[in-house]
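Presented below is the structure to which this report refers.
The values are calculated or read from the model by the stated rules, or taken from the named source; none is laboratory data. None of the values given here were measured: they were computed from a predicted structure. So basically every Cβ, Gly included, is an ideal-geometry build from the backbone, and we count neighbours across all protein chains shown.
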Amino acid sequence: MSNYECIKTSVENAVAVIQLHRPDVLNALNRKMVDEIVDALTFFDNNNKIKVIVLTGNERAFAAGADIDEMANETPMTLERVDPFAVWDKIALVKKPIIAAVQGFALGGGFELVLNCDLIFAAETAQFGFPEVNLGVMPGAGGTQRLTKILGKTKALQWLWLGDMMPAKTAYENGIVTRLFAQEIVVAETMKVAHRLASQPPLSLRLIKEAVHKAVDSPLADGLQLERKNFYLLFSSADQKEGMRAFIEKRKPNFKGE
């Protein structure tokens, strides 16, 4: 695994943690940091010992937006040539559960990174938002699309057009945040859920994630077909045999990811 400059990684049993680490700039996302995040996500996704990935920042910020110093002098042609958002597409290819533990600011690209996660646990003091409009631009790494799928057109436009901060409670009430915690326990509570997920059958988690993503992006009939296919496919796994045998024998199952 690479020696990273902008993130820190650690492993606790079967849970990998990726911590954004540019504290002097509130974890502003430059291209190097995004590349490192995607590289770490891909590495842990391909590591059979890892079952769940947690993405977090620090107490002041998950990530307070993009690195404006890096972007200020870009032109349409330099952006087209470099295509800095293409690497973000790889996040959607990660098959394992990704959980965000959010403290402080999650703004702009930081909010987009959060919206790429499967579960979002936030401190009660966290702040979300897309302030890009205040800089004369707009979200470009999926923010307009993912926020609209959650909130609907009119609510999404309000937040995107006005560029206001969204308190964690509002994000929770609007279905963006999965659960709220006091700031001092949000990371610990996230890890508890991550370890619980890590004890579940990995193939079931993977195929459930695939089916849910299909539900978000496709007509109902297409989603139902994938759900049915995945349900049948799981009956080829050793974990299915173990899970049902354990239920009949009234004991806790021992899933091995097979």
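Quick check, is A66 among the small types (G, A, S) and more than 18 Å from the chain's Cα centre (by Cα)?
Numbers: among the small types (G, A, S): yes; more than 18 Å from the chain's Cα centre (by Cα): no.
No; evaluated as a whole, the condition is false for this residue.
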Margin query: I need the full set of residues from the range 10-25 which are over 23 Å from D69 (Cβ atoms) and surrounded by 18 or more Cβ atoms within 10 Å (Cβ to Cβ), in order please.
Written below: A14, V15, A16, V17, I18
Next item on the list: Could you tell me whether any residue of the range 41-64 is under 14 Å from V114 (Cβ atoms), at pLDDT below 95 and not acidic (D, E)?
Entry: yes
Notebook entry, point to check: Out of (1) among the small types (G, A, S); (2) under 30 Å from F231 (Cα atoms); (3) not in a helix (DSSP H, G or I), what's the single condition that is false for A106?
Noted result: (2)
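Among the residues of the range 50-81, what is the count of those that are aliphatic (A, V, I, L, M), in contact (Cβ under 8 Å) with a residue 12 or more places away in the chain and outside any strand (DSSP E or B)?
Looking only at that region, the number is 2.
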Next item on the list: Might you check whether a residue that is among the aliphatic types (A, V, I, L, M), within 18 Å of V34 (Cβ to Cβ), in contact with a helix residue (DSSP H, G or I) (Cβ under 7 Å, 6 or more places away or on another chain) and modelled with pLDDT of 95 or more occurs anywhere in the range 136-145?
Entry: no
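Among the residues that make up the range 177-195, is at least one of them on the phi < 0 side of the Ramachandran plot, in contact (Cβ under 8 Å) with a residue 40 or more places away in the chain, among the small types (G, A, S) and not in a helix (DSSP H, G or I)? Spell out how you get there, then give the answer.
Filtering the range 177-195 for residues on the phi < 0 side of the Ramachandran plot gives 177-195.
When the remaining residues are screened for being in contact (Cβ under 8 Å) with a residue 40 or more places away in the chain, the result is 177-183, 186-187, 189-191, 193-195.
Cutting the leftovers down to among the small types (G, A, S) gives us 182, 194.
Now narrow it down to the ones that are not in a helix (DSSP H, G or I): 182.
Among the residues of the range 177-195, at least one is on the phi < 0 side of the Ramachandran plot, in contact (Cβ under 8 Å) with a residue 40 or more places away in the chain, among the small types (G, A, S) and not in a helix (DSSP H, G or I), which makes the answer yes.
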Notebook entry, point to check: Quick one: how many residues across the range 26-48 are surrounded by fewer than 17 Cβ atoms within 10 Å (Cβ to Cβ) and under 20 Å from E59 (Cα atoms)?
Noted result: 0
Check: In the range 157-174, how many are in a helix (DSSP H, G or I) and under 18 Å from L135 (Cα atoms)?
Finding: 6
Item checked: Residue under evaluation A92, criteria (1) hydrophobic (A, V, I, L, M, F, W, C); (2) touching a His at 6+ places or on another chain (Cβ under 9 Å); (3) assigned to a loop (DSSP other than H, G, I, E, B), criterion not met -> (3)
Item checked: Qualifying residue in the range 74-89 (condition: buried (at least 21 other Cβ atoms within 10 Å of the Cβ) and among the aliphatic types (A, V, I, L, M)) -> no
Note to self: Going through V11, V15, V34, V54 one at a time, which residue ends up being in the same structural domain as G110 (by TED's automatic domain parsing), within 27 Å of M165 (Cβ to Cβ) and touching a strand residue (DSSP E or B) at 6+ places or on another chain (Cβ under 8 Å)?
What the structure shows: V54
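Conditions (1) surrounded by fewer than 19 Cβ atoms within 10 Å (Cβ to Cβ); (2) not polar (S, T, N, Q), marked per residue:
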residue	(1), (2)
A126	no, yes
M138	yes, yes
Q145	yes, no
M166	no, yes
N174	yes, no
Check: Which number in (1) farther than 27 Å from E59 by Cβ; (2) surrounded by 17 or more Cβ atoms within 10 Å (Cβ to Cβ); (3) not β-branched (V, I, T) marks the one condition that W159 misses?
Finding: (1)
